[in-house]
Amino acid sequence: MNTYIKLGGASGVSYSYEPATIDSSWNNVAGNYAFAMSTVAGQWCVLYVGETSSLRDCLSIQDRWSEAVSFGCTHVLAHVNDGGDQARQLEERDLVEGLAPRMNRNFDPMAQTWGAGATEAKRTDDHPRLS
């Protein structure tokens, strides 16, 4: 049985994400993902939110993982989203605005662009991972 984590966006929408480790086997499906850590109190602290047309391709070469680990990241939270680019970007924006992850702080959600000095992450069954 899979465990899902609920992440709330600024809009009030709640999204279900599946927790995994970065070295999990990922399906070649479009989706949204977050780098997070579990706190002592059993809560999740989201450090980064992103979107991709292929979780397999994106998470196998994710260049921001080491930065996330330096902040205490232990898990990837992933959510299949096959609604197209716009749906993934809207979900990403909603979560960035609602959760304010520290690694997305230079992200301009209205323009879907990154501010000066920020590095954009590579964006290149219904489960994000292979069982």
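The values are calculated or read from the model by the stated rules, or taken from the named source; none is laboratory data. Note that the structure is a prediction, hence the values are computed from the model and not measured. For neighbour counting, all protein chains shown are included, and Cβ atoms are generated from backbone atoms with ideal geometry for every residue, glycine included.
I'd like to know if region 50-71 contains one or more residues that are surrounded by fewer than 19 Cβ atoms within 10 Å (Cβ to Cβ), in a loop (DSSP other than H, G, I, E, B), at pLDDT 95 or above and of a type in the set (V, I, T). No - not one qualifying residue is present in region 50-71.
Taking the listed residues R129, R88, the one that is basic (K, R), modelled with pLDDT of 90 or more and closer than 21 Å to Y4 by Cα is R88, with no other qualifying. Would you check if there is a residue in region 105-117 being surrounded by fewer than 18 Cβ atoms within 10 Å (Cβ to Cβ) and at pLDDT 75 or above? Yes, the conditions are met somewhere in region 105-117. Please specify each residue of region 11-34 satisfying the condition of being outside any strand (DSSP E or B) and either of a type outside the set (A, V, I, L, M, F, W, C) or touching a Pro at 6+ places or on another chain (Cβ under 9 Å) (or both). The answer is S11, G12, T21, D23, S24, S25, N27, N28, V29.
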